[in-house]
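Novice: Take this structure first; my questions come after.
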Amino acid sequence: MEIEFHQDMVLPSAKYEYLDHTADVQLHAWGDDLKEAFEQCGVAMFGYMTELETVDVKKCYQIEAQSDDLEGLLFKFLDELLFLFSAEPFLVCKKLEITSFDVTKFHIVCSCYGEPFDLTRHPQGTEVKAITYSAMQIIQPTEEKKKAEVFVIIDI
């Protein structure tokens, strides 16, 4: 579903990295809370597919994800984002804003800001074939460790 967006939005700084893995790529993302860590993980996945500096915010689509547990919610969230990229209009996002993050009902609503992928403007990175549960970790913030972290292996 396409929704309105504002041209003057501020983009958050990147809080993710790519870790070596034998056959795939592991995304490691973090944030002040789980919501931000999930958002950053989604942006990291798009960043692996193209250089996000080349992406303009021209469209906003809304996605929803629901599951039975937190790991399943992260998997479904990323899978919905991958579908957004893989189907018309082949949207590549440089900003994700989770507007509803319910960890008791395991439900997410997210606004996805970007534009349709265009090979004449966006360098082709590596195709992401699927999200996996393999070695998935979700680390919630504690008194000692102030940030939330997620680790997800994607099949490339």
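Novice: Cα-Cα over 25 Å: which of K58/K146; K59/K147; K35/K94; K15/K129?
Specialist: Too far apart for the 25 Å limit: K58/K146; K59/K147.
Novice: Quick one, which of (i) 23, 18, 15; (ii) 27, 17, 16; (iii) 79, 20, 17 is the actual semi-axes √(5λ) of the Cα gyration tensor in Å calculated for this model?
Specialist: Answer by label: (i).
Novice: Another one. Taking only the alpha-carbon positions of segment 79-137 and ignoring solvent, what does the Debye formula give for the base-10 log of I(q)/I(0) at q = 0.13, 0.18 Å⁻¹?
Specialist: Log-scaled intensity ratios, in q order: -0.44, -0.79.
Novice: Given only helices, namely DSSP H runs of n ≥ 4 each adding -39500 (n - 2.57), what is the per-residue ellipticity at 222 nm of the chain, to the nearest 500 deg cm²/dmol?
Specialist: Theoretical 222 nm ellipticity from helices: -7000 deg cm²/dmol.
Novice: Ordering K15, K35, K58 by accessible area with a probe of 1.4 Å, largest first, what comes out?
Specialist: Result of the area sort, largest leading: K58, K35, K15.
Novice: Okay, moving on. Mind putting together the pair-distance distribution for segment 106-156? All Cα pairs, 10 Å bins, whole percent per bin, short to long.
Specialist: The percentages, shortest bin first, are 17, 29, 37, 15, 2.
Novice: Sticking with this one: What FRET efficiency comes out for F90 versus A135 if R0 is 22 angstrom and r is the Cβ-Cβ distance? Round to the nearest 0.05.
Specialist: That pair, F90 with A135, gives E of 0.15.
Novice: If we sort 108-118, 62-72 on the protection proxy, mean other Cβ atoms within 10 Å, highest first, what's the order?
Specialist: My ranking of the peptides, most packed first, is 108-118, 62-72.
Novice: To the nearest 0.05, how large is the calculated FRET efficiency for D68 and T120 if R₀ is 41 Å and r is the Cβ-Cβ distance?
Specialist: Approximately 0.45, to the nearest 0.05.
The values are calculated or read from the model by the stated rules, or taken from the named source; none is laboratory data. Note that the structure is predicted; figures quoted are calculated from it, not measured. FYI the Cβ positions are ideal-geometry reconstructions off the backbone, even for glycines, and counts take in every protein chain you see. Surface accessibility is based on the protein's heavy atoms, side chains included, excluding ligands, DNA and RNA. Shrake-Rupley method; radii C 1.70, N 1.55, O 1.52, S 1.80 Å.
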